[in-house]
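What follows is a short report on a single structure.
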Amino acid sequence: MLRFVAGLGVGVVSVLVPLYQSEMAPKWIRGTLVCAYQLAITAGLLLAAIVNILTESKDNRNAFRIPLALQFVWAGILLLGLVLLPETPRYLIKRGRHTEAALSLSRLRRLDITHPALIEELAEIEANHEYELSLGPSTYHDVFLGSPHLGRRILTGCGLQMLQQLSGCNFIFYYGTTFFQRIGIRNPFVIQLITNIVNFVSTLPGMVLVESLGRRRLLMIGASGMAVCQLIVASVGTAIPESYIANVVLIVFVCCYLFFFAASWGPVVWVVTSEIYPLKVRAKSMSISTASNWLLNFAIAYGTPYLVGTQPGLNLQAKVFFIWGTFCVISLAFVWWLVYETSKISLEQIDEMYERVDHAWNSKSFQPSWSFQEMRDEGASASGIQLTEHEEARRRTGTSASTAESDTTMTEEDKIIAQLGDVDMSY
């Protein structure tokens, strides 16, 4: 029962944390902040490995009670932090709580609520949400078949999450101790510590490169590096399986694989899947793509003993790395064909990119040109869909047909915004 409750909590957190980070972060640092999610995971794994080493020699119940008790500390820190943090402005806009959204964005950006940049960002979020609603409802059916190109986006998110698992990362963490034992490292706790140190340290360059190289390029470089490492491990392990030197080579390239994974596919998959969905179905889409990650995680953990075992099993041994290497090659092709470059543009501008750019490999040169505010004020979407009268009433730029009417219907905040007029968003 405790494992079920813990699993439920981990599942919820794995959906909501990257979702929250992407919605509250400015576009110029959004990728790095979401990568911090993966960095925290690797830090937790490293701390767990250290605690296990410190408690392994105990021959009483404290050997398992201490590691379990320490989990409550981190859960308490997370709970306290969630109490202190504001709700995301985009969620509040979705719920129609516009005043609270303005206050939340003001707190996150550390700007006054009447600051022109903040007003412009909030107005664009509102206009984009109204535009999305004009294209259709936000049901699970629309997650797969909705517009603009929601089916392609959910395929991208689920594909990335599944290929992350099929790259062989958790095979290394779950069953990699066998290769370390072959070169004389018999203590499984030391093996766990080594892999987690490599995993943690290698996540740091990914946090920087995700913004400088971009999502697409970093994912392709990572997939290429992982494929080379996996295929070398498979080839050497199959050709000379009993050689000590060969086993040393295997360990070196396993660690190299972990470097490429932790610097690219480990964190960046969460970045992309938290960015590509429109606001109206973002939570639903994130839950589906994250579920595909955990489904493959379970399948690999459950099926791997049958792949590498002898009784019963296929006894693939090192040949199993041919499977992971093949999926890394598939991952490279998948990124080239389906993953759009989402760095340095806002979440709202990503919607525009999916409408205007037909092929993912052309997304790097995309330059935003639409303003959802202007589209709303003109009463039409880019697809020619007229906005409803209710959506028209949400205009925040003060361009109403009658000044007298606007004075009676607009709030004090709306009047301030109307007086500011058009504001440049280039901050």
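For the reader, a short list of remarks on this structure follows.
- Residue list for the range 318-346, filter: within 16 Å of THR178 (Cα to Cα) and surrounded by fewer than 18 Cβ atoms within 10 Å (Cβ to Cβ): LYS319
- Whenever a residue of the range 232-254 is buried (at least 18 other Cβ atoms within 10 Å of the Cβ), its partners that are of a type in the set (D, E, K, R), lying with C-beta atoms within less than 7 angstrom and at least six residues away or across chains, give the pairs ALA234/LYS319; ASN247/ARG182.
- Residue match in the range 72-89 (condition: acidic (Asp, Glu) and surrounded by 12 or more Cβ atoms within 10 Å (Cβ to Cβ)): yes
- Across the range 347-373, the number of residues qualifying as among the polar types (S, T, N, Q) and surrounded by fewer than 16 Cβ atoms within 10 Å (Cβ to Cβ) comes to 4.
- Annotation note: of GLY237, GLY222, the sole residue that is touching a Ser or Thr at 6+ places or on another chain (Cβ under 6 Å) and in a helix (DSSP H, G or I) is GLY222.
- Residues satisfying the stated conditions in the range 270-280, i.e. crowded, with 24+ Cβ neighbours inside 10 Å and among the hydrophobic types (A, V, I, L, M, F, W, C): TRP270, VAL271, VAL272, ILE276
- Residue in the range 20-42 that is part of a helix (DSSP H, G or I), over 25 Å from ILE125 (Cβ atoms), of a type in the set (Ser, Thr, Tyr) and in contact with a Ser or Thr (Cβ under 6 Å, 6 or more places away or on another chain) present: yes
- Being free of Cβ contacts under 8 Å to residues at least 24 places away in the same chain and in the same structural domain as VAL51 (by TED's automatic domain parsing) holds for only one residue in LEU103, LEU80, and it is LEU80.
- Taken as a whole, the range 45-54 holds at least one residue that is of a type in the set (Gly, Ala, Ser), out of contact with any strand residue (DSSP E or B) (no Cβ under 9 Å at 6 or more places or on another chain) and crowded, with 19+ Cβ neighbours inside 10 Å.
- Residue check for ILE53: in the same structural domain as GLU275 (by TED's automatic domain parsing), hydrophobic (A, V, I, L, M, F, W, C) and closer than 30 Å to TYR91 by Cβ: no
- Summed over the range 117-143, residues that are crowded, with 17+ Cβ neighbours inside 10 Å, outside any loop (DSSP other than H, G, I, E, B) and not acidic (Asp, Glu) total 12.
The values are calculated or read from the model by the stated rules, or taken from the named source; none is laboratory data. Computed from a predicted model, the values in this text were never measured in an experiment. Note: ideal-geometry Cβ built from the backbone for every residue, glycine included; neighbour counts use all protein chains shown.
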